[in-house]
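Q: I have a structure here, written as structure tokens, and I will follow up with some questions on it.
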Amino acid sequence: MTVALIAVLLIPALGAAVLAVFPSRLDHLARVVGTVFAVAALVPIVVLAFARDDARFSYSALQPWAELDVSWVPALHLDFHLGIDGVSYPLVALTGLLTALCCAYTLWRVPENGGSGRTLVALLLVLETGILGTFLALDLLLFFLFFEVVLLPMYAVIAGWGGADRRRAARKFVLYTLFGSVLLLLGVLTVTVAAGTGDLTQLTGGLGLSRTTQQVAFVLLAIAFAVKAPLWPLHTWLPDAHTQAPTVGSVILAGVLLKMGTYGLIRVGVGVAPLGAEWAAPVLGILAVAAVLAGSLICLRQTELKRLIAYSSVGHMGFVLLGIATLTATGLQAALLGNVAHGLITGLLFFLAGAIKDRAHTGDLADLGGLRESAPRLAGILGFAAIASLGLPGLAGFWGEAFAVVAAVERGGGLWTTLAALAAIGGALTAAYFLRLLRKVTHGPVGTPVSPTISGAEWLAWSPLAALTLAVGVAPALVLAATSAPVRALTEAWR
């Protein structure tokens, strides 16, 4: 299984290197080759699923299903330590799937106002390598390095293939992310210097770190991850980045890149500094509910399609943060499931938003309308994605948000009960702005004409996400079965 673990990172990285030497005149062939590499990366990801063996799992510490640990830079005590378990595997699988779908999407549709499709696909593969490395890294310094790999490729995707104001949005993304990176490095160094190791399997539970050290480290790490997620009030780079990014950029950004923040908060922030997390939990809970309410209220005022979907992510990530803030097994399960559900649903929503903008040449809600009459199948899929995002029972969006509220109630006390009630109100507001969106776009007066034809590439990109949204909604155990053991391990390690 070590070979499969290496292949997960090696295949997309090799694909990006191969595309870099392709001649520009073979642009379409390069995109085909890049898509083949992206699909091939799914093979070791599927193989790793069969490495899981609950009988071997120790609940006293995290034990990866598959692991690679070799010395890399001995002078810095830096190990090339990779591993996968139930916390990381669902996000690894989601990353592989979305990257493959985005690469396949470029075979038929490349933004006209950008560079070559070959370069775009190569950047997507570099992004995949960085994101996968972040989810697989079990050494803090290695985690930081992979965390930073995604910065320049995403900047290039936005600035190279985005909308009219793409360069400003890309610069804003970089500046915010660099701010978070500085804090992340300080947090990583604080922990590694104090503990004498960066091994996450050893550090989980605190490894004897003093309360003060854990509090300082958690503040640094939490702010850094809040920027990436992004969590309110550090979210202001997100709407511009989403609005200006090309369709595939928005899908990767919303689907998996944001999850690097919430994953890091669980794996590194809470895992390494549990005393700091416990100390900061009430503040995290308050900020989480503020994000839910602020995101929903802002969405009610939005007049641009992609911007509305972008702000909805702020609210959804607020539910994820609320689950984490409870520091309960139920809350962490809710957060991990919410991560996966948001990736599936919002990835689908951005694919659909891109399709609508490509057809209508506008994302202004005032100019869209009557989609039910002009493009009924497109309207139907948009309706499905919207009701999934608003948390309809039976679809993936319901479980994470509902159980985040349940976890807050279980935590008990006046503060957490109040936060649970306010979060539930935020959930109702989510339904309000998505129903407003459908009223304007699908049921409103006919606006800009929209072609009803849906291409094979679009069906290919949308169908897996729609199917998985339904599957996870009906059978959440598809995700929970993998996450339950490591969540129990995390909570046991804190005690």
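The values are calculated or read from the model by the stated rules, or taken from the named source; none is laboratory data. What you see is a predicted model, and the numbers here were worked out from it, not measured in a lab. Neighbour counts are summed over all protein chains in view; Cβ atoms, including those assigned to glycine, are modelled from backbone coordinates with ideal geometry.
Q: Kindly establish whether T204 is modelled with pLDDT under 90, within 30 Å of T243 (Cα to Cα) and among the polar types (S, T, N, Q).
A: No: the conditions fail for T204.
Q: From the set of residues in the stretch 414-453 that are touching a residue at least 24 places away in the same chain (Cβ under 8 Å) and basic (K, R), which is farthest from G363 (Cα to Cα)?
A: Ranking the candidates gives R436 first.
Q: Right, something else. Can you pull out the residues in the stretch 1-38 that are surrounded by fewer than 18 Cβ atoms within 10 Å (Cβ to Cβ) and of a type in the set (K, R)?
A: Residue satisfying the conditions is R25 alone.
Q: Looking at (1) over 20 Å from L91 (Cβ atoms); (2) among the aromatic types (F, W, Y); (3) assigned to a helix (DSSP H, G or I), which is the one condition that is false for Y263?
A: Unmet for Y263, out of (1) over 20 Å from L91 (Cβ atoms); (2) among the aromatic types (F, W, Y); (3) assigned to a helix (DSSP H, G or I): (1).
Q: Looking at A226, A217, A194, A222, which is the one that is in a helix (DSSP H, G or I) and under 20 Å from G255 (Cβ atoms)?
A: Just one listed residue meets the conditions, A226.
Q: Suppose the filter is out of contact with any helix residue (DSSP H, G or I) (no Cβ under 7 Å at 6 or more places or on another chain) and of a type in the set (A, V, I, L, M); does V73 pass it?
A: yes
Q: Tell me yes or no: at least one residue of the stretch 316-330 is in a loop (DSSP other than H, G, I, E, B) and not hydrophobic (A, V, I, L, M, F, W, C).
A: yes
Q: Quick check on this structure: which one of V110, V121 is of a type outside the set (K, R), crowded, with 24+ Cβ neighbours inside 10 Å and touching a Gly at 6+ places or on another chain (Cβ under 8 Å)?
A: V121
Q: Might you check whether a residue that is more than 13 Å from the chain's Cα centre (by Cα), in contact (Cβ under 8 Å) with a residue 40 or more places away in the chain and over 19 Å from A385 (Cα atoms) occurs anywhere in the stretch 248-265?
A: no
Q: Which condition from (1) buried (at least 22 other Cβ atoms within 10 Å of the Cβ); (2) among the hydroxyl-bearing types (S, T, Y); (3) within 19 Å of V149 (Cα to Cα) is the one that S181 breaks?
A: Condition not satisfied by S181: (1).
Q: Conditions first: (1) part of a helix (DSSP H, G or I); (2) surrounded by 16 or more Cβ atoms within 10 Å (Cβ to Cβ). L435 passes all but one, so which condition is the exception?
A: (2)
Q: Got a number for residues in the stretch 347-368 being crowded, with 18+ Cβ neighbours inside 10 Å, out of contact with any Lys or Arg (no Cβ under 6 Å at 6 or more places or on another chain) and not in a helix (DSSP H, G or I)?
A: Final tally of qualifying residues: 1.
Q: Continuing with the same structure: Can you tell me which residues in the stretch 229-246 are assigned to a helix (DSSP H, G or I) and crowded, with 24+ Cβ neighbours inside 10 Å?
A: The answer is L238, A241, H242, Q244.
Q: What are the pairs with Cβ atoms under 9 angstrom where one residue, in the stretch 146-162, is without any contact (Cβ under 8 Å) to a residue 60 or more places away in the chain and the other, located anywhere, is of a type in the set (D, E, K, R)? Sequence gap at least six, or different chains.
A: Correct list of pairs: Y155/R171; A159/R166; A159/R167; A159/R171; G160/R166.
Q: Right, another one. For the stretch 394-413, does any single residue satisfy the condition of being in contact (Cβ under 8 Å) with a residue 40 or more places away in the chain, over 22 Å from the mean Cα position of the chain (by Cα), buried (at least 24 other Cβ atoms within 10 Å of the Cβ) and more than 22 Å from V340 (Cβ to Cβ)?
A: No, because not a single residue in the stretch 394-413 is in contact (Cβ under 8 Å) with a residue 40 or more places away in the chain, over 22 Å from the mean Cα position of the chain (by Cα), buried (at least 24 other Cβ atoms within 10 Å of the Cβ) and more than 22 Å from V340 (Cβ to Cβ).
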